[in-house]
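The values are calculated or read from the model by the stated rules, or taken from the named source; none is laboratory data. None of the values given here were measured: they were computed from a predicted structure. Glycine also receives a Cβ, built like all others from the backbone with ideal geometry; neighbour counts cover every protein chain displayed. Ligands, DNA and RNA are excluded from the accessible area calculation, which covers all protein heavy atoms including side chains. Shrake-Rupley method; radii C 1.70, N 1.55, O 1.52, S 1.80 Å.
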Amino acid sequence: MIIDVHGHYTTAPAALGAWRDLQIAGLKDPAQTPQASDLRISDDDIRETIETNQLRLMKERGSDLTIFSPRASFMAHHIGDFQTSSTWAAICNELCYRVSQLFPDHFIPAAMLPQSPGVQPATCIPELIKCVEQYGNVGINLNPDPSGGHWTSPPLSDRSWYPIYEKMVEYDIPAMIHVSTSCNSCFHTTGSHYLNADTTAFMQCLTSDLFKDFPTLKFLIPHGGGAVPYHWGRFRGLAQEMKKPLLEEHLLNNIFFDTCVYHQPGINLLTEVIPTQNILFASEMIGAVRGIDPQTGHYYDDTKRYIEATQNLTAEEKHMVYEGNARRVFTRLDAALKAQGK
């Protein structure tokens with residue numbers, strides 16, 4: 001199977017965005033605040049948005065299954081308070097669950113959390129439990145910067161995050177470390193904030209002993225790890241100066257990277273530097289980079305082409321990247337597939 005571990009519902013029906021606009025307007029004028037029940041999206045609405053977009057491209061590009069979560073830039077945890085995020089997360093998570101029910105052979109859900117700046121991460125646990133136990137979610141998205149580019153939260157190694165990690169370990173689910181919209185004009189959302197966060201999350205783990213406390217905790221760092229593979233020597237050297245173990249022992253039993261890297265030299269570097277068992281196939285299709293590369297004539301986010309073309313992977317290693325690693329890291333995904341006889 002070709003399992004894409006990084007998909008977002010970026011094509012959700014327009015009614016979702018219209019409801020969110022009303023929710024945001026209600027922060028200033030409570031009379032405009034909508035009820036969750038005011039949002040009406042039919043199964044046919046969902047089918048149309050998926051069949052003409054993600055599912056069409058999956059079939060064209062040759063991928064089979066996508067781990068599907070709410071649109072990352074829509075999470076916008078910096079807007080409103082915890083109740084704002086709680087209502088919004090519940091709506092978005094239910095929508096992704098409905099996609100997985102309508103297209104069970106092609107989508108399986110992962111959850112966004114109702115994070116809010118200055119609010120303890122433990123408040124997210126009820127939504128996490130609901131999504132795993134009721135919706136069959138196989139992972140979560142964890143935002144290390146709910147402030148939207150101002151980085152007011154403590155690092156991922158801080159004990160305030162531990163209640164989330166305890167639940168992750170209990171359920172054996174990984175977290176994709178994924179920020180949302182930047183409201184800081186210094187940082188373009190997808191061009192710098194996302195990649196900065198990927199690199200920052202890795203460094204927060206490197207400088208800590210988080211995985212001594214949680215030996216089975218699993219983080220997926222998207223977008224090829226930001227700057228991490230390109231500066232692997234820097235990180236190795238910093239770890240050495242800090243008297244940390246070798247990175248393979250210190251971090252690579254717990255940290256994994258996806259293939260949302262949108263050119264061939266980038267994938268070649270990723271697959272040369274990072275051990276194959278730490279790389280999971282992903283495209284984040286219809287995401288940050290949606291255009292066609294004039295140098296190749298193919299979509300930038302058609303990442304399967306880069307995996308096929310790289311000289312750094314054997315056929316067995318490609319199988320690991322496409323399927324084996326995803327089933328090992330997302331154990332609930334593996335269990336769901338086995339229940340389907342796959």
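Looking only at residues in segment 267-285 that are touching a Leu at 6+ places or on another chain (Cβ under 7 Å) and of a type in the set (A, V, I, L, M, F, W, C), the one that is farthest from residue 107 (Cα to Cα) is 279. Among the conditions (1) of a type in the set (Asp, Glu); (2) in a helix (DSSP H, G or I); (3) under 16 Å from residue 57 (Cβ atoms), the only one that residue 334 does not satisfy is (3). Please work out if residue 202 is under 19 Å from the mean Cα position of the chain (by Cα), buried (at least 17 other Cβ atoms within 10 Å of the Cβ) and not in a helix (DSSP H, G or I). So residue 202 does not fit the description; no. Take segment 74-100 and flag every residue that is open to solvent by 30 Å² or more (accessible area, probe 1.4 Å), under 17 Å from residue 36 (Cβ atoms) and out of contact with any Asp or Glu (no Cβ under 8 Å at 6 or more places or on another chain). Selection gives 74, 79, 80, 81, 82, 83, 87, 94, 97.
Yes/no matrix, rows are residues, columns are (1) crowded, with 20+ Cβ neighbours inside 10 Å; (2) part of a helix (DSSP H, G or I); (3) of a type in the set (S, T, N, Q):
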| residue | (1), (2), (3) |
| --- | --- |
| 151 | no, no, no |
| 157 | no, no, yes |
| 161 | yes, yes, no |
| 167 | no, yes, no |
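Within segment 4-44, being over 30 Å from residue 280 (Cβ atoms), polar (S, T, N, Q) and either open to solvent by 20 Å² or more (accessible area, probe 1.4 Å) or not in a helix (DSSP H, G or I) (or both) holds for 32, 33, 35, 37, 42. Only a single criterion out of (1) over 21 Å from residue 177 (Cα atoms); (2) touching a Cys at 6+ places or on another chain (Cβ under 8 Å) is not satisfied by residue 42, namely (2). Looking at the structure I just gave you, is residue 311 farther than 21 Å from residue 195 by Cβ and either outside any helix (DSSP H, G or I) or in contact with a Pro (Cβ under 6 Å, 6 or more places away or on another chain) (or both)? It is true that residue 311 is farther than 21 Å from residue 195 by Cβ and either outside any helix (DSSP H, G or I) or in contact with a Pro (Cβ under 6 Å, 6 or more places away or on another chain) (or both). In this structure, is residue 115 of a type outside the set (A, V, I, L, M, F, W, C) and free of Cβ contacts under 8 Å to residues at least 24 places away in the same chain? So residue 115 does not fit the description; no.
Only residues that are open to solvent by less than 30 Å² (accessible area, probe 1.4 Å), of a type outside the set (A, V, I, L, M, F, W, C) and touching a Gly at 6+ places or on another chain (Cβ under 8 Å) were counted across segment 257-305, and they come to 6. For segment 101-131, a tally of residues being part of a helix (DSSP H, G or I) and open to solvent by less than 10 Å² (accessible area, probe 1.4 Å) returns 3.
For segment 225-232, the criterion of being assigned to a strand (DSSP E or B), open to solvent by less than 10 Å² (accessible area, probe 1.4 Å) and not basic (Lys, Arg) is met by no residue. All conditions but one from (1) aromatic (Phe, Trp, Tyr); (2) over 24 Å from residue 194 (Cα atoms); (3) more than 16 Å from the chain's Cα centre (by Cα) apply to residue 151; the one that does not is (2).
When residue 73 is tested against (1) assigned to a helix (DSSP H, G or I); (2) farther than 24 Å from residue 121 by Cα, just one condition goes unmet, and that condition is (2).
Filtering segment 178-193 to residues that are within 18 Å of residue 224 (Cβ to Cβ) and open to solvent by 10 Å² or more (accessible area, probe 1.4 Å) leaves 188, 189, 190, 191, 192. Is it the case that some residue within segment 83-95 is part of a loop (DSSP other than H, G, I, E, B) and at pLDDT 95 or above? No: segment 83-95 contains no residue that is part of a loop (DSSP other than H, G, I, E, B) and at pLDDT 95 or above.
In segment 243-256, the condition of being in a helix (DSSP H, G or I) and either in contact with a Pro (Cβ under 8 Å, 6 or more places away or on another chain) or closer than 28 Å to residue 8 by Cα (or both) is met by at least one residue.
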